[in-house]
């Protein structure tokens, strides 16, 4: 379905997932990206999980089978995450963005190596 060709790897932060889920249209996002690999991070999932108390519709993000979770668990990956949190001035609210920013810098050639299904 994608006009730009299959094989793109897209990494989502909480804002995009949050708004599609709260509009109850996460299915539309999935359908638009059917040819692409879609990732998020454990940090982003935890931000979304925190939001489910106020917005129960966010559970759809946590249950999305098409959205793989990038593992950031080696010491070097954690150090890179810390570097990104400093680089963008992350507070507790911006940790998801820092985790998303480090992915293309850490594994630009092989993001599928670091994924798992939620």
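The values are calculated or read from the model by the stated rules, or taken from the named source; none is laboratory data. This structure is a prediction, so every number in the text was calculated from the model and none was measured. For neighbour counting, all protein chains shown are included, and Cβ atoms are generated from backbone atoms with ideal geometry for every residue, glycine included.
Miscellaneous remarks
- Residues in the range 70-101 that are touching a helix residue (DSSP H, G or I) at 6+ places or on another chain (Cβ under 7 Å) and touching a residue at least 40 places away in the same chain (Cβ under 8 Å): 70, 71, 72, 95, 96, 98, 99, 100.
- So residue 67, is it surrounded by fewer than 19 Cβ atoms within 10 Å (Cβ to Cβ), modelled with pLDDT of 90 or more and touching a helix residue (DSSP H, G or I) at 6+ places or on another chain (Cβ under 8 Å): no
- Residues being part of a loop (DSSP other than H, G, I, E, B) and touching a strand residue (DSSP E or B) at 6+ places or on another chain (Cβ under 9 Å) are represented in the range 69-84 by at least one member.
Conditions (1) under 15 Å from the mean Cα position of the chain (by Cα); (2) more than 19 Å from residue 81 (Cα to Cα); (3) not in a helix (DSSP H, G or I), marked per residue:
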{"position": "17", "(1), (2), (3)": "yes, yes, no"}
{"position": "27", "(1), (2), (3)": "no, yes, no"}
{"position": "31", "(1), (2), (3)": "no, yes, no"}
{"position": "44", "(1), (2), (3)": "yes, no, no"}
{"position": "54", "(1), (2), (3)": "no, yes, yes"}
{"position": "58", "(1), (2), (3)": "yes, yes, no"}
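- Residue within the range 91-108 that is at pLDDT 75 or above and outside any helix (DSSP H, G or I) present: no
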